[in-house]
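Laboratory data are not the source of any read-out in this text; all were calculated from the coordinates shown. Treat the numbers as computed from the prediction; the structure is a model and nothing was measured. Methodologically, a virtual Cβ is constructed for each residue, glycine included, from the backbone with ideal geometry; neighbour enumeration extends over all protein chains shown.
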Amino acid sequence: MSVFRRREVLPDAGQPPSGVAVPVRLLRARRWVRMGRVGMWAALAAGPAALLLMVGGSPDTAPVTKESTAPRKVRIADPSGYAELFVTLWLRSDGRSEGSTAVRRIRAMAPGVDLPEPRESAQPDRGLERVTAVRSARLAGGAWSVTVAAQFSGGQVRYFAVPLVVSGGGGAGAFAVTTGPARVAGPSAARVPESAYGVSVPEGSELVSTAADFLSAYLTGGGTGEVERYLAPGLRLAPVGGSLYERVEVEQVSADDAAAKGSVPPDGTAVRVQVRVRAVDQTAAWPLVYSLRMSARAGRWEIASLSADQAGAVRAHGAGFGRLEERPGAVRWAWAAGGAR
């Protein structure tokens, strides 16, 4: 006789008839089967997607990428060129010729603007040579004011202020001239900053000789090899191109440090110098000014950088003409790198 008695449970709906003992584990398995059938029919009723979710389980939810709602920056168009064209047409127009092509163009740019009435003896173009915008200011409400300079034959220059407005949001729409131009005074000249080249380098010094030989080779087309012999290691200089000069004469050399005077200083010493030259070609003698950064190495001066002298002062930051920049592992020609270094 067995020591342990088999456990018996009372049958419920769907279980075997009374008097048949069923293990608890078998009953649990049957319940899971019934639950699986119910879930399967529910998935079929819900559709194929729910069926896949039921059978394969819930996959990892993919991250939802929200489109950025940050406003895009709109580039503000400067109407300087539009004002130049309008003043050019306006100065050459005739208010008595409404049907002309020039007048129709003006009306499209500036509806309702009054036009000049030239005298009978006036030239067709009024002696106008060119029109150039010299200043533009953005005002409130999409309005602009552009000052243009009109140059006439004989060297006469007149300044006109043109009021404009921009249509469209963000200032990037179409321009229109609101009223006729106004004759105004020209812009005042800015104060020239004090030069940082306060040391006069004597003629015949090593630095002056190197600078003179380099600029002569550079501006007269001495050849790539002739120019590179004066450059610091790793630097490259694009050729000037075009019509070159017959000869170059150095007139004055100034530096920002007294180390530029006398013999060549120890290796690593660097100075900035301003070189004023007179370049002569078949048409004229041209006064040119260059700013050089020169460094000492192995008992000689070398050209470390070349740029147009901006505002006559090294400390004044501005757009460089073509400064040569040296970076670790790379050499780059910077056509518009701001500021002196």
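Counting other Cβ atoms within 10 Å as a rough exposure proxy, the listed residues Val201, Val162 run Val201, Val162 from fewest neighbours to most.
Neighbour counts of other Cβ atoms within 10 Å put Ser145, Ser209, Ser153, Ser188 in the fewest-to-most order Ser188, Ser153, Ser209, Ser145.
Size of the dipole of segment 74-159 about the Cα centre, Lys and Arg at +1 and Asp and Glu at -1 on the beta carbon, nothing else charged, in debye to 20?
240
Taking other C-beta atoms within 10 angstrom as a stand-in for reagent exposure, Glu302, Glu98, Glu120 fall in the order Glu120, Glu98, Glu302, fewest first. Among 135-141, 235-241, 270-276, 110-116, the peptide with the highest mean count of other Cβ atoms within 10 Å heads the list, and the full ranking is 270-276, 110-116, 235-241, 135-141.
Report the Stokes-Einstein translational diffusion coefficient (µm² s⁻¹, integer) for segment 173-300, Rh taken as the Kirkwood radius over Cα pairs, at 37 °C with viscosity 0.692 mPa s. Once the numbers are plugged in, D ends up at 189 µm²/s.
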